[in-house]
């Protein structure tokens, strides 16, 4: 199995086997990727994650194989066993097992009970049939039809043809579609091999809502040859049986297989896209040192305001109403002046553009204050959570959202980890996705980013600490309780005094926790305590001949050169504005700076500072260039449809001279 896994991943077994051993010993993925590079041969986090996932697939496959062996009993011939052992997918296994699987009553089983199998064999062998009734003939043909439809060779060949040459067709059904959400699919046909993930998800949802009906189209020449090659019918009775079996049993089964495979592909793709967008959002650089006024927009109940100091402490809260413009402007002026606000963060929900216009009007007289738009996805979820009640017990639930919006600017990662990842809303069709798989992928993304960035042991919330490798929610709470009762940690070693914090937890987590200004300078870096002696030797002589692997040496030297570096600092900061752009100002050819809000299969939605986000279609993005959520880019207005409020964008031509900055990617 290890050799098979190595072949799947195109990696040498010398890397695969020891990495699996580390995983099975209970080591966390971030710890292995960062601190066991000598063992893994330098596999990165994504490679190890894929290795772990493929290993689970192979183990599940083998467990199913063993289960089938037991179920087959006396039917397990040496030839069948050989084929089962060579099967490399669950589909191939199930195809081989299908003829022997216990069945509910079918037309073929009824015919066998009536003793018609000898007649079926005579038809198959083109032998004389003798005197038979129409009913007996039909029963024998039912047996032959089912045998053909369950033949693993036929199923594999026809399925392969369907995946290569089949088409998915959708038509309008009788379900309600008042807003014509699925209008693009009322008369739709697309090759299975070329259909896009977002199209599959839309078709699946439309079918579920009974707005669309779907079919797999496979022309006769694509199924006839594989079937005839195996069966080789030599009489009309056998041909009739086969053609009946194809239409009644084989093609519907192949359609189910293909549709299931497409849906699984689309789900996997959408979940990966969601995780990539989440990573982009979590790695937006923090804006440290600002006193921020968070504004949670609203019409009827007013805009909720919260001022927080550079540490995130709440200084003031208030409510203003957009229809009371003079009072609203006075409220903004009073709060900003009293608390020396240097930045306004506006949530991007309902009434956000009207709020932005109000803020822009106010800032005309305040040249030292800027504003930016912030995704408010999940703010309401956080506001009503037990964590928000514990953090902000004296605030009304409606005001907590404004605090969250303000803090998201100061440190997006620290604030967003308080919210269930799927509530952050940077994907598509998330409610149609497998909840367990989505949670797992998004949780892995949060874990990856948290450990990549590192966590300040003395300021981190339980929510942030819980994502550190080897800790988890219960231990995170114990760390905070210990910190509150015993005071700030002076070094990493004091973690051992936390109740329940054993050697394994310390080994896995210590390198990702930072103690700044403590009594051990190396605790502020990503150097693991197990390597402190080596680090001190390299501090004295970077060329010292030490018994240390090249990967570890390189990582330690990098940390010594830039101790405690936050990788987010290498990325461009968020886009700050002072004035608002009107839709009426937009003209084709205009070049603007914008913030990527969502990346989807067909392009990226970009916030330009106007009422609607613009769409940068994938055809306008150069091949190989990757955009990520939170990235600030320059775009050119390609087309603006005022009636429909749609803005088409393209990337402006770059000057050929001079180096081009590489785009911010999400890993």
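Quick notes on this one:
- The range 522-545 - residue that is surrounded by fewer than 14 Cβ atoms within 10 Å (Cβ to Cβ) and outside any helix (DSSP H, G or I) and, of those, nearest to the chain's Cα centre (by Cα): 542
- Output for the range 348-381, where each listed residue is within 23 Å of residue 461 (Cα to Cα) and either surrounded by 24 or more Cβ atoms within 10 Å (Cβ to Cβ) or in contact with a strand residue (DSSP E or B) (Cβ under 8 Å, 6 or more places away or on another chain) (or both): 374, 375, 376, 379
- Long-range neighbours under 8 Å by Cβ, at least six apart or interchain, first residue at positive phi within the range 4-30, second modelled with pLDDT of 95 or more and surrounded by 13 or more Cβ atoms within 10 Å (Cβ to Cβ): 26/504
- Just one of the numbered conditions (1) under 30 Å from residue 401 (Cα atoms); (2) in a helix (DSSP H, G or I) is not true of residue 266: (1).
- Scanning the range 410-429 for residues that are touching a strand residue (DSSP E or B) at 6+ places or on another chain (Cβ under 7 Å) and either in the same structural domain as residue 346 (by TED's automatic domain parsing) or surrounded by fewer than 24 Cβ atoms within 10 Å (Cβ to Cβ) (or both) returns 410, 428.
- Residue within the range 321-332 that is assigned to a strand (DSSP E or B), touching a strand residue (DSSP E or B) at 6+ places or on another chain (Cβ under 8 Å) and either closer than 19 Å to residue 380 by Cα or free of Cβ contacts under 8 Å to residues at least 24 places away in the same chain (or both) present: no
- Restricting the first member to the range 541-553 and to residues that are within 17 Å of residue 527 (Cα to Cα), and the second to residues that are part of a loop (DSSP other than H, G, I, E, B), the beta-carbon pairs closer than 6 Å and six or more apart or on different chains are 551/42.
- One residue alone among 472, 454 is surrounded by fewer than 23 Cβ atoms within 10 Å (Cβ to Cβ), more than 30 Å from residue 349 (Cβ to Cβ), touching a residue at least 24 places away in the same chain (Cβ under 8 Å) and within 24 Å of the chain's Cα centre (by Cα), and that residue is 454.
- Scanning the range 182-224 for residues that are assigned to a loop (DSSP other than H, G, I, E, B) and touching a helix residue (DSSP H, G or I) at 6+ places or on another chain (Cβ under 8 Å) turns up 182, 195, 218, 219.
- For the range 652-667, filtered to residues that are under 26 Å from the mean Cα position of the chain (by Cα) and surrounded by 11 or more Cβ atoms within 10 Å (Cβ to Cβ), the residue that is modelled with the lowest pLDDT is 667.
- Scanning the range 186-226 for residues that are farther than 14 Å from residue 167 by Cα, surrounded by fewer than 20 Cβ atoms within 10 Å (Cβ to Cβ) and within 26 Å of the chain's Cα centre (by Cα) yields 198, 204, 205, 207, 208, 209.
- Odd one out for residue 586, checked against (1) out of contact with any strand residue (DSSP E or B) (no Cβ under 6 Å at 6 or more places or on another chain); (2) within 30 Å of residue 362 (Cβ to Cβ): (1)
- Contact map, the range 126-138: first residue in contact (Cβ under 8 Å) with a residue 40 or more places away in the chain, second residue assigned to a loop (DSSP other than H, G, I, E, B), Cβ cut-off under 7 Å, separation 6 or more or different chains; pairs are 126/234; 126/235.
- Matching option when the condition is closer than 27 Å to residue 443 by Cβ, in a helix (DSSP H, G or I) and at pLDDT below 95, among 20, 51, 5: 5
- Looking across 633, 591, one residue alone is exposed (fewer than 12 other Cβ atoms within 10 Å of the Cβ) and either more than 19 Å from residue 356 (Cβ to Cβ) or in contact with a helix residue (DSSP H, G or I) (Cβ under 6 Å, 6 or more places away or on another chain) (or both). It is 591.
The values are calculated or read from the model by the stated rules, or taken from the named source; none is laboratory data. These numbers come from a predicted model, not from an experiment. Here Cβ is always computed from backbone atoms with ideal geometry, including for glycine, and neighbour counts include all displayed protein chains.
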